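In what follows, a single structure is set out as structure tokens and then discussed.
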Amino acid sequence: MSVKVGIFLNVQQSDTVGPTRIIAEACAQTRLARDLGFDIVAAGQHFLTDPYQMPQPVPLLARVAAEAGEMRLHTGVLLLTLLNPVEVAENAATLDAICDGRFVLGVGLGYREPEEEAFGVDGRRVRVFTDKLAVVRRLLEGETVTAAGPGYRLHEQRLALLPVQRPRPPIWIAANADAAVERAARLSDSWLLNPHTNVAELERQVGLFHAARVAAGRPPVTELATIKELYVGADDGAAVREARPYLESKYRAYVQWGQDEALPAGDTIDREWEQLAAGGRFVIGGPERCAAELQEQVDRLGLTTLIFRFGWPGMPDELVQASMRRAAERVFPLLSLPTPRR
């Protein structure tokens, strides 16, 4: 078996790009990913994303499902802390029906204060997240649920529309800090590795994840995925010239949003380009360089699935699609699953 690959849709754009164009390009990228043999298409969630526009993932995935063929759909991730768990469960069941049982529910705690303030989330956000996750899981498994929390109250209620997958779609939890990684080990089917952390920190956290899973009596995960920034150019120099302006700008926005504060204590993205680009946080180069760096990460982290963000706000779609083609034709065939550790 080979490593599974996916696309994380590039839908954050400035107000100079019309919203219909954002959706059209997402559809075009999904069609190309389908034709190139990708396994999964993912979309993330944020609210109040100034200076960028960002479509919401549930309607976006429902739209691109028409272009996705046999690809899986993945919410990577829904900010469950902010959302009503009944709506999350209903939407998950609906998306699973739309793609005939090929849906992966990705959820996360969130980190941005403007989002938490807008949804009225107070300092109990970890408890709110874990309680909502339990409600979502039970509803998707067809249970009759009695539960209450901020913004929801259920008394012996169950979903009428159940997902195609049994007992439910897989649930992946995105996690950055060590405590969150250990929580993902206990509560989810797998951990979705953070795309912004350097590989050395991720390698340490993978050990934490597996140890916490054993301690909790959970079975080994069957799939371990990460979202990874990737740009494959014609050669190393061209790749840096074409990708750097857009990627550098996006990471400055991450710092402004507070993503840096959500990383493990030993890492930061508040760096100049040369330091930011070091350590495997993202992969940029010609095909040979990208293949070598990705295989190293697959081996070190034990990854089975790589979901790539090929573009960033402002990047022309022709560059995004050219990178996708080079990746599929000249990088992915060189990747193999990690050798099992003894």
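The values are calculated or read from the model by the stated rules, or taken from the named source; none is laboratory data. What you are looking at is a predicted structure, and each value in this text was computed from that prediction instead of being measured. Heads up, the Cβs are rebuilt from the backbone with ideal geometry, glycines too, and the neighbour counts pull from every protein chain shown.
Listed here are the residues, each with its yes/no results for (1) within 20 Å of Tyr231 (Cβ to Cβ); (2) surrounded by fewer than 23 Cβ atoms within 10 Å (Cβ to Cβ); (3) in contact with a Ser or Thr (Cβ under 6 Å, 6 or more places away or on another chain); (4) of a type in the set (S, T, N, Q).
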residue	(1), (2), (3), (4)
Ile7	yes, no, no, no
Gly18	no, yes, no, no
Ile22	yes, yes, no, no
Thr30	yes, no, no, yes
Arg34	no, yes, no, no
Phe38	yes, no, no, no
Leu48	no, yes, no, no
Tyr52	yes, yes, no, no
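Checking each residue in segment 104-126 for being closer than 27 Å to Val41 by Cβ and out of contact with any strand residue (DSSP E or B) (no Cβ under 7 Å at 6 or more places or on another chain) picks out Leu109, Tyr111, Arg112, Phe119.
Listed here are the residues, each with its yes/no results for (1) touching a Ser or Thr at 6+ places or on another chain (Cβ under 8 Å); (2) surrounded by fewer than 24 Cβ atoms within 10 Å (Cβ to Cβ); (3) more than 16 Å from Gln56 (Cα to Cα); (4) of a type outside the set (Val, Ile, Thr).
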| site | (1), (2), (3), (4) |
| --- | --- |
| His74 | no, no, no, yes |
| Leu83 | no, yes, no, yes |
| Asn91 | no, yes, no, yes |
| Ile98 | no, yes, yes, no |
| Gly120 | no, yes, yes, yes |
| Gly123 | no, yes, yes, yes |
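The set of residues from segment 108-161 being small (Gly, Ala, Ser) and free of Cβ contacts under 8 Å to residues at least 12 places away in the same chain comprises Gly123, Ala148, Ala160.
Among the candidates Leu276, Leu306, Leu301, Leu294, the residue that is at pLDDT below 95, on the phi < 0 side of the Ramachandran plot and of a type in the set (A, V, I, L, M, F, W, C) is uniquely Leu276. For segment 1-15, a residue qualifies if it is assigned to a loop (DSSP other than H, G, I, E, B) and either more than 17 Å from the chain's Cα centre (by Cα) or farther than 18 Å from Gln29 by Cβ (or both), and the qualifying residues are Met1, Ser2, Val3, Ser14, Asp15. Considering Val86, Val128, Val41, Val135, the condition of being part of a helix (DSSP H, G or I), touching an Asp or Glu at 6+ places or on another chain (Cβ under 9 Å) and not acidic (Asp, Glu) is satisfied by Val128 alone.
Yes/no matrix, rows are residues, columns are (1) surrounded by fewer than 18 Cβ atoms within 10 Å (Cβ to Cβ); (2) without any contact (Cβ under 8 Å) to a residue 60 or more places away in the chain:
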{"residue": "Pro287", "(1), (2)": "no, yes"}
{"residue": "Arg309", "(1), (2)": "no, no"}
{"residue": "Ala322", "(1), (2)": "yes, yes"}
{"residue": "Val331", "(1), (2)": "no, no"}
{"residue": "Leu334", "(1), (2)": "yes, yes"}
